[in-house]
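Have a look at the structure below before the remarks.
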Amino acid sequence: MNNSSGQFNLEYEDGQARAGQLTTLHGVVKTPVFMPVGTQGTVKSLCPQDLNAIGAQIILSNTYHLYLRPGDELLAQFGGLHKFMNWDKPILTDSGGFQVFSLSDLRKITSDGVEFASHIDGSRHFFTPEKAIAIQNNIGSSIMMVLDECVPYGADFGYTSRSLRLTTDWARRCRDFYPPGKGPQLLFGIVQGGFHHELRSESARQITDIPFDGYALGGLSVGESKQEMLDIMYYSAPLLPVRKPRYLMGVGKPLDILEGINAGIDMFDCVLPTRNARNGTLYTSAGQVNIKRAEYKTDSTALDPECDCYTCTNFSRSYLRHLYMAKELLAYRLNSIHNLRFFVRLTSMARQAIKEGNFSSLLSKFRDL
């Protein structure tokens, strides 16, 4: 195998489902892969030792948040985010484009970039495509994302078309600022186009004409129905290059991940596992468990007998319920360890199923839950 950064080897295929290996400057990532979200340089309630124990290969952090706190220049002084948080495996950084979308009341978009007000103190900031990459250079992430505009659900054809052209222009500017070979960090482009097939095709054509190291589908999980999401996902995934990694941004329910793999996607992230862990909703091989329910008060069984995580091999449902009802901080840690291990195991099982040529059986099992 060529160990140069950016090499993506497609190893196995089962229908459209794929398994491969992506080499980054911080190590190799085996796909399909789920990336725990560590927005501010930490996966909430967990330390790197926990992440290693659950088998996390790569995590995601956010450019917008790290720029505001602690500041990308400070991170550069420490030798990058990896050294700052003591994580030696790959990190992917979002460009801040989704925060531009979610902070719609606090931002103004122009052809040059986006001006926004900090959600922390109201201070004004301006992100150009070039600045988004420069910040990610300081962060030192393994994979950088281009600055894009995430179109809100329900946007009409005209708005979405104009936004598409802006996203393409910003993508070119990002690639021009950080051309191939400039450094070891990888740079991924993002396909937009809303919920219009014609515009998804056009965006895919324009973005894949630019030589990125990988390609993402953005603008999903923004309020649309499940069927609308699946429709765009299955339509768009085959439009991306076969020999490059494909990343579905921000979509992360277990069945959605398996559907994404079935469509030909390689990489996934979502805050759902840790957010739901803090809300007492836990994922198991038999379906979701709401640990707050009274029926678990005297339940001495493991949360998920099929799971090998620290939580499931050491504690009962009764104890997990007690911790949660008592608002003990350990509840957040143990619940997060389990949920993230569930998602990591899910993509690992998918990889093995693809290798064995029976991915459809795994997908059917979860469709029946």
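The values are calculated or read from the model by the stated rules, or taken from the named source; none is laboratory data. Predicted, not measured: the structure shown is a model, and the values here were computed from it. We place every Cβ from the backbone using ideal geometry, glycine too, and count neighbours over all the protein chains shown.
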* Asked: Condition test on HIS322, is it on the phi < 0 side of the Ramachandran plot and crowded, with 21+ Cβ neighbours inside 10 Å?
  -> no
* Can you give me the number of residues within the range 186-223 that are out of contact with any Gly (no Cβ under 7 Å at 6 or more places or on another chain), β-branched (Val, Ile, Thr) and crowded, with 19+ Cβ neighbours inside 10 Å? => 1
* Asked: Before we move on, is ASP169 assigned to a helix (DSSP H, G or I), over 23 Å from the mean Cα position of the chain (by Cα), in the same structural domain as GLU228 (by TED's automatic domain parsing) and in contact (Cβ under 8 Å) with a residue 24 or more places away in the chain?
  -> yes
* Structure fact -> Across the range 13-31, the tally of residues that are of a type in the set (Lys, Arg) and more than 18 Å from MET233 (Cα to Cα) stands at 1
* Structure fact -> Listed by range, strands (runs of 3 or more DSSP E) wholly within the range 262-308 having at least 1 residues that are in contact (Cβ under 8 Å) with a residue 40 or more places away in the chain and crowded, with 19+ Cβ neighbours inside 10 Å are 267-269, 281-284
* Asked: Considering PHE315, PHE359, PHE342, which residue is closer than 14 Å to PHE34 by Cα, outside the structural domain of SER221 (by TED's automatic domain parsing) and aromatic (Phe, Trp, Tyr)?
  -> PHE342
* Structure fact -> Going through the range 325-354 in order, the residues found to be farther than 17 Å from ASN290 by Cβ, surrounded by 20 or more Cβ atoms within 10 Å (Cβ to Cβ) and either of a type in the set (A, V, I, L, M) or modelled with pLDDT under 95 (or both) are ILE337, LEU340, VAL344, LEU346, ALA350, ALA353, ILE354
* Structure fact -> The strands (runs of 3 or more DSSP E) lying wholly within the range 33-134 that contain at least 2 residues that are surrounded by 21 or more Cβ atoms within 10 Å (Cβ to Cβ), at pLDDT below 95 and more than 20 Å from the chain's Cα centre (by Cα) are 114-117
* To do: Test TYR235 against the stated conditions and say whether it is more than 17 Å from the chain's Cα centre (by Cα), modelled with pLDDT of 95 or more and not assigned by TED's automatic domain parsing to the domain that holds GLY96.
  => no
